[in-house]
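Data block below; observations after.
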Amino acid sequence: MKIMYKGKDLMEGWVGTLIYIILGVVIAYLINFTLGLVLKTDLPVVAVVSRSMTHDETTPIVHYQWLEDNLNLTREEIDSWPLSDGFRRGDILIVVGVEEDELRVGDVIVFSIPYQRVPIVHRVIKIEDGKITTKGDHNPGPDPWRISYKNIRGKAIFVIPYLGYVKVLFTEIFGVWW
């Protein structure tokens, strides 16, 4: 009995499937690592898992009117912000590292807070005394916390629609966050 594998035989069956899965994970990690180096953040790609930045029929009230009434901003100012149209659950965000002095009201940032497993993606609405107040465009008011620069993982610069639904579905089905 001969126990020799040819390259083609090795890539078939359950062994081949396992090899492809391992290669896929390694390649994804390397891409993420490389993007992190280039974009200067530990979190260069983020899947949107909540609806807090969605724009819909409530946007005129919970977003525009709230900002106009509470921060004296005009519709033109708000519409001039980066990613002013918000984004949907399942979208992928490309994130770049940002220096503290580069942060502006209107930027969409990705940040972490204690006891929250997933990073939060919300808009900067106020910067005061080294503290940053954020708000989801779809939320009726500001977040109950103020964060420090050290909590920020980066600033969203680009949206790829729907590509993140793979992660959203995986998370919902298996209850696993990665």
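At a glance:
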| item | result |
| --- | --- |
| Number of the condition not met by residue 159 [criteria: (1) over 14 Å from the mean Cα position of the chain (by Cα); (2) touching a residue at least 12 places away in the same chain (Cβ under 8 Å)] | (1) |
| Subset of region 23-55 [loosely packed, with under 12 Cβ neighbours inside 10 Å and within 18 Å of residue 159 (Cα to Cα)] | 38 |
| Filter result (closer than 18 Å to residue 117 by Cα and either modelled with pLDDT of 80 or more or not assigned by TED's automatic domain parsing to the domain that holds residue 106 (or both)) within region 149-170 | 150, 151, 152, 153, 154, 164 |
| Candidate set from region 41-76 (those that are in a helix (DSSP H, G or I) and of a type in the set (A, V, I, L, M, F, W, C)); member that is farthest from residue 96 (Cα to Cα) | 61 |
| Options 94, 78: the member that is in contact (Cβ under 8 Å) with a residue 60 or more places away in the chain, touching a Phe, Trp or Tyr at 6+ places or on another chain (Cβ under 8 Å) and of a type in the set (A, V, I, L, M) | 94 |
| Among residues of region 97-117, those that are part of a loop (DSSP other than H, G, I, E, B), touching a residue at least 40 places away in the same chain (Cβ under 8 Å) and surrounded by fewer than 18 Cβ atoms within 10 Å (Cβ to Cβ), counted | 4 |
| Condition check for residue 58: in the same structural domain as residue 167 (by TED's automatic domain parsing), over 19 Å from the mean Cα position of the chain (by Cα) and exposed (fewer than 15 other Cβ atoms within 10 Å of the Cβ) | yes |
| Count of region 125-152 residues which are in a strand (DSSP E or B) and either in contact with a Ser or Thr (Cβ under 6 Å, 6 or more places away or on another chain) or among the aromatic types (Phe, Trp, Tyr) (or both) | 3 |
| Pair list, Cβ under 8 Å, 6 or more apart: region 12-32 residue under 16 Å from residue 43 (Cα atoms), other residue surrounded by 11 or more Cβ atoms within 10 Å (Cβ to Cβ) and among the hydrophobic types (A, V, I, L, M, F, W, C) | 32/45 |
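The values are calculated or read from the model by the stated rules, or taken from the named source; none is laboratory data. Values in this document were obtained by computation on a predicted structure and should not be read as measured data. Counting neighbours? That spans all protein chains shown, and the Cβs are built from the backbone with ideal geometry, glycine included.
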